[in-house]
Amino acid sequence: GATTGTVNTTRSSLASQYDDLRSQIDQLATDSGYNGVNLLNGDALAVVFNNAALDESISGVTFDSAGLGISATAHGFQTDVDVDSALTDLTAALGTLRAQSVAFGSSLSVVQTRQDFTKSMVNTLQTGADNLVLADTNQEGANMLALQTRQSLSTTALSLASQASQSVLQLFQ
């Protein structure tokens, strides 16, 4: 009965590397959070705009090795069936990642478009407000000088008129 074979050390080494990569995938999924939200660890992100009808909700996924369907090596890759099984798992995981990448990319596009519109609207409104309250200092300075000159001429004219009437009154005294 029983047959015994020798262990292929190259396949065992590759199986060990494969399992190390699975651990790294798990660690990446755990560490991929930003501002307390980890879309690759099942968290959801709510993007709130000024209008509730425009709010965006982005559902997270669990993309650790288990969530991607990448199972641990069986028998240290000593048989071709074990290697083929791992390749099938990796191919399916790659397809899942590509599909989710498209979904995240679509959500990102929507959020960026809305953000660009909002920034543009803020800039337009700020420019309009600045145009309403900011004056051309050169033009306003010229207007002020003209007003002061007009006032000075009016004062001088009144003074001359007053002196002329006093001169006429002095002739009759």
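The values are calculated or read from the model by the stated rules, or taken from the named source; none is laboratory data. All values reported here derive from a predicted model rather than from experimental measurement. Counting neighbours? That spans all protein chains shown, and the Cβs are built from the backbone with ideal geometry, glycine included. The accessibility values were calculated without ligands, DNA or RNA, using every heavy atom of the protein model including side chains. Shrake-Rupley method; radii C 1.70, N 1.55, O 1.52, S 1.80 Å.
Under a GNM of the chain (C-alpha, springs under 10 Å), which listed residue has the highest mean-square fluctuation: Ala74, Ala93, Ala135? Among Ala74, Ala93, Ala135, the largest GNM mean-square fluctuation belongs to Ala135. Considering only Leu134, Gln24, Leu145, the residue lying farthest towards the positive end of the dipole of the chain is Leu145, judged by Cα position with unit charges set on Cβ. Per atom type, the chain shows carbon and sulfur on 58% of its accessible surface, probed at 1.4 Å. Our summary gives segment 33-173 a relative contact order of 12 percent, counting only alpha carbon pairs under 8 angstrom and 6 or more residues apart. Net charge in the neighbourhood of Phe77 (other residues with Cβ under 12 Å of its Cβ; Lys, Arg +1, Asp, Glu -1) is -3.
Taking 0.36 nm per residue of separation and subtracting the Cα-Cα distance, full extension of the segment from Thr79 to Thr62 would add 3.1 nm.
Surface exposure of the chain, expressed per residue as accessible area with a 1.4 Å probe, stands at 75 Å². Projecting label points 7 angstrom from Cα along Cα→Cβ for Asp19 and Asp130 puts them 6.3 nm apart. Using a Gaussian network model of the chain in which every pair of alpha carbons under 10 angstrom is joined by a spring, one finds that among Arg11, Arg98, Arg150 the greatest mean-square fluctuation is at Arg150.
Shown here: P(r) over Cα pairs in 10 Å bins from 0, in percent, derived from the displayed model; of the candidates (i) 8, 18, 15, 12, 9, 8, 7, 6, 5, 5, 4, 3, 2, 1, 0, 0; (ii) 10, 34, 27, 16, 9, 3, 1, 0; (iii) 8, 34, 38, 17, 2, 0, it corresponds to (i). Between Gly42, Leu108, Thr156, the Cα set farthest toward the positive side of the dipole of the chain (charges on each charged residue's Cβ, about the Cα centre) is that of Thr156.
Need the full-extension length gain, Gln166 to Leu108, defined as separation in residues times 0.36 nm minus the C-alpha distance. One decimal, nm.
Numbers: separation 58, 0.36 × 58 = 20.88 nm, distance 8.67 nm.
Taking 0.36 nm per residue and subtracting the Cα distance, the gain is 12.2 nm.
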